[in-house]
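Trainee: Pasting a structure below so you can have a look.
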Amino acid sequence: MTKNDPTHEFEIRPTVDGSDTLFAPAFGQHYHNPNGALAESQHVFFKPLGLIPDLVCNRPITILEIGFGTGLNLLILADWVKRLRSKSEIHFMSVEGYVAPTETLISLNHANWLGLQAPWQSLVTRLEKERQGRNGWLSLGTLIPNLTVDLFVGTFDALTTPQAIANVVFHDPFSPESNPEGWTLDLFEQLRKWTTTDATLRTYAASTACRQTMIQAGWVVGSAKGALGKREMTLAAHSADHLPGVRLVKKRQDGYISST
């Protein structure tokens, strides 16, 4: 079994906040922070940069996610839409190289916790039916009203242009150490091309190498407090105007300095 083997096993493991995560032996990593899968996703992807206010104001949102994983970010998004009674038209496009088995995705407790068992099971069943062993972009319909889902099944080097231009990026692959293909200059350049000029990106990673690559790709990069014991995470945009209040990271020849 290798990282390039799409049939690698997945183990369901509980995290400290009670929400499940998966452990991938092939990558030697959990899909989420063991201190709390749900709490980490809320902190990294939903708290920063105005996503929740956009839902409150019923603005249209197009999200491009790198690393579908367990589908937790999609489920949290649907939960926010329900709780806020948002009328936003949302297009959620995600990318996943190694889709977990249908039984595993349904067995995770995320959908139960968020009261989305029926729509989640329906979506995962459609995914299994649509895929039929093939890769590429799959149209999965809606998870809940006004939330349309597309999934690209395949490796990052095979990723093709999404169906829509995004204004939010969830960058959530495995770490650069175990999955370097998810952190390349080429991928960050493509993400910039596939997003609007007011788009924002958020990721749990905060290494100098990761930030250097993002800056080289044309992103303006900032630092924010990390989740659940992590010191920092990274926020990015096409311009500093869309990172209000964020401590920016400046490039210099021998590394990086931070400035307010």
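The values are calculated or read from the model by the stated rules, or taken from the named source; none is laboratory data. Here the structure is a predicted model, which is why all the values come from computation and not from measurement. Neighbour counts are summed over all protein chains in view; Cβ atoms, including those assigned to glycine, are modelled from backbone coordinates with ideal geometry.
Trainee: Scan the stretch 69-100 residue by residue and report those that are out of contact with any Lys or Arg (no Cβ under 7 Å at 6 or more places or on another chain) and of a type in the set (Ser, Thr, Tyr).
Mentor: Across the stretch 69-100, the qualifying residues are Thr70, Ser86, Ser94, Tyr98.
This table checks each residue for (1) free of Cβ contacts under 8 Å to residues at least 12 places away in the same chain; (2) farther than 24 Å from Leu84 by Cβ; (3) of a type in the set (Lys, Arg).
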{"residue": "Trp113", "(1), (2), (3)": "no, no, no"}
{"residue": "Ala118", "(1), (2), (3)": "yes, no, no"}
{"residue": "Val124", "(1), (2), (3)": "no, yes, no"}
{"residue": "Asn135", "(1), (2), (3)": "no, yes, no"}
{"residue": "Gly141", "(1), (2), (3)": "no, no, no"}
{"residue": "Thr148", "(1), (2), (3)": "no, no, no"}
{"residue": "Leu151", "(1), (2), (3)": "no, yes, no"}
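Trainee: Does Asn35 satisfy being more than 16 Å from Val169 (Cα to Cα) and not acidic (Asp, Glu)? Write out each step before concluding.
Mentor: On the way: more than 16 Å from Val169 (Cα to Cα): yes; not acidic (Asp, Glu): yes.
Yes: the conditions hold for Asn35.
Trainee: Among the strands (runs of 3 or more DSSP E) lying completely within the stretch 55-171, list those that include at least 3 residues that are out of contact with any Phe, Trp or Tyr (no Cβ under 7 Å at 6 or more places or on another chain) and over 30 Å from Val221 (Cα atoms).
Mentor: Values: elements: 61-66, 90-96, 136-144, 147-153, 166-171.
In the stretch 55-171, 136-144 are the strands (runs of 3 or more DSSP E) which contain 3 or more residues that are out of contact with any Phe, Trp or Tyr (no Cβ under 7 Å at 6 or more places or on another chain) and over 30 Å from Val221 (Cα atoms).
Trainee: Does Leu248 meet the test of being outside any loop (DSSP other than H, G, I, E, B), under 17 Å from the mean Cα position of the chain (by Cα) and not hydroxyl-bearing (Ser, Thr, Tyr)? Even if it seems obvious, please write down each step before you answer.
Mentor: On the way: outside any loop (DSSP other than H, G, I, E, B): yes; under 17 Å from the mean Cα position of the chain (by Cα): no; not hydroxyl-bearing (Ser, Thr, Tyr): yes.
Spelling it out, it is not the case that Leu248 is outside any loop (DSSP other than H, G, I, E, B), under 17 Å from the mean Cα position of the chain (by Cα) and not hydroxyl-bearing (Ser, Thr, Tyr).
Trainee: Sticking with this structure for a sec: Is one or more of the residues making up the stretch 12-29 β-branched (Val, Ile, Thr), farther than 17 Å from Lys230 by Cβ, modelled with pLDDT of 95 or more and in contact with a strand residue (DSSP E or B) (Cβ under 6 Å, 6 or more places away or on another chain)?
Mentor: We begin by selecting, within the stretch 12-29, every residue β-branched (Val, Ile, Thr); these are 12, 15-16, 21.
Filter once more, keeping what is farther than 17 Å from Lys230 by Cβ: 12.
Then keep just the ones that are modelled with pLDDT of 95 or more; that gives 12.
With in contact with a strand residue (DSSP E or B) (Cβ under 6 Å, 6 or more places away or on another chain) added as a condition, the list becomes 12.
Yes.
Trainee: Next question, about the same structure. Would you please list the contacts, defined by Cβ atoms under 6 Å and residues six or more apart or on different chains, that run from a residue in the stretch 240-260 that is surrounded by 10 or more Cβ atoms within 10 Å (Cβ to Cβ) to a residue that is charged (D, E, K, R) and at pLDDT below 95?
Mentor: Taking only residues 6 or more apart or on different chains, the pairs are Ile257/Lys250.
Trainee: For the stretch 186-232, enumerate the residues that are surrounded by 14 or more Cβ atoms within 10 Å (Cβ to Cβ) and part of a helix (DSSP H, G or I).
Mentor: The answer is Leu187, Phe188, Glu189, Gln190, Leu191, Arg192, Cys210, Arg211, Gln212, Thr213, Met214, Ile215.
Trainee: Would you pick out the residues in the stretch 58-69 that are of a type outside the set (Lys, Arg) and more than 17 Å from Asn179 (Cα to Cα)?
Mentor: Asn58, Pro60, Ile61, Thr62, Ile63, Leu64
Trainee: Could I ask something else about it? Out of curiosity, is Thr203 within 13 Å of the chain's Cα centre (by Cα) and closer than 17 Å to Leu243 by Cα? Explain how you work it out, then say what you get.
Mentor: Numbers: within 13 Å of the chain's Cα centre (by Cα): yes; closer than 17 Å to Leu243 by Cα: yes.
Taking the combined requirement at face value, the residue satisfies it.
Trainee: Okay, moving on. Can you go through Thr102, Thr125 and tell me which one is surrounded by fewer than 16 Cβ atoms within 10 Å (Cβ to Cβ), touching a Ser or Thr at 6+ places or on another chain (Cβ under 9 Å) and within 21 Å of Leu38 (Cα to Cα)?
Mentor: Numbers: Thr125 fails: within 21 Å of Leu38 (Cα to Cα).
After applying the criteria, what remains is Thr102.
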